[in-house]
Amino acid sequence: MNLVLTSVQNPLVKQLRKLQRAKERREQGLFLLEGTHLLEEAIALHYPLATVCCTESWRDRYPKLWIKVGQQAQRVELVSEPVLEAIATTVHPDGVIATAPRRPQPSIPQPLKLGLALETIQDPGNLGTMIRTAAAVGVDGLWVSDDSVDLDHPKVLRATAGQWFRMPMVNTAQLSADLRTLQAQGVQVVSTRMNAALTYWDVDFAKPTLVVLGNEGSGLSAEASAIADVSVRIPLEPGVESLNVAIAAALILYEAKRQQR
């Protein structure tokens, strides 16, 4: 019979709570997976799991998943509701939280047909939504500058709705150099600019393309903008200043996919 952890002062609980902070995720080499859906996706794709903590009621609701957890995780602990709430970053956790090793840098599939590069994205909801959209569109790879919010921030993971595990993503300290490398391989770099002459409907996306989007408030850096082969705008009605960056990404990526098909 499994004993139930009931103390928030337990050393394991203290260790897991620290993973709410980016510094601790880097130092421990682990991140938090919160909720049944993310856990199911991790198990389906055989992503390694370090520790899984769940309540007795969660175990009883998901007996088949409980068996899979026991087979895949290095450590499984039953915990009380207050302990789970102490570990979680959500207000009402659904009964299970896991930790997993931070993701190694993958290789982006080549040749690249459609990619997305993101510079200095600060909102985890935006980043997670763009990862989810990129997966839905069938983007080959995603480059994220290392001054953006962490790829494994808990809110990023939740916003991806499980697609985090399916998207090849590179965290890069040299985004501009990466853009130039892709250009040298024959990939056109398309950026957004408010006063661009072309709309995103006017671009030939049938050729291999990397879409580059910048910070929510200040947009792309001057360096990244200067590298782009073509700049586009999204038409807006008078009085509307801009669109949310995740919405902009969805519009442009789906237009690119439509043309490539």
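Observations on the structure shown:
- Spans of helices (runs of 4 or more DSSP H) in the range 16-97 with at least 1 residues of a type in the set (K, R) and under 24 Å from the mean Cα position of the chain (by Cα): 22-28
- Summed over the range 99-123, the residues that are in a strand (DSSP E or B) and under 17 Å from the mean Cα position of the chain (by Cα) give a count of 7.
- For the range 19-38, a residue qualifies if it is farther than 16 Å from V96 by Cα and either surrounded by 15 or more Cβ atoms within 10 Å (Cβ to Cβ) or in contact with a Gly (Cβ under 9 Å, 6 or more places away or on another chain) (or both), and the qualifying residues are E24, R25, Q28, L30.
- Residues that are open to solvent by 80 Å² or more (accessible area, probe 1.4 Å) and in a helix (DSSP H, G or I) were ranked within the range 1-15; the one that is farthest from R132 (Cα to Cα) is P11.
- Where a residue in the range 1-28 is free of Cβ contacts under 8 Å to residues at least 24 places away in the same chain and closer than 30 Å to D146 by Cβ and its partner, wherever it lies, is open to solvent by less than 50 Å² (accessible area, probe 1.4 Å) and not in a strand (DSSP E or B), with Cβ under 7 Å and at least six apart: K18/E24; Q28/L19
The values are calculated or read from the model by the stated rules, or taken from the named source; none is laboratory data. The structure presented is a predicted model; accordingly, all values stated were derived computationally and were not measured. Cβ coordinates were reconstructed from backbone atoms using ideal geometry, including for glycine residues, and neighbour counts include every protein chain displayed. For accessibility, only protein heavy atoms count, side chains too; no ligands or nucleic acids. Shrake-Rupley method; radii C 1.70, N 1.55, O 1.52, S 1.80 Å.
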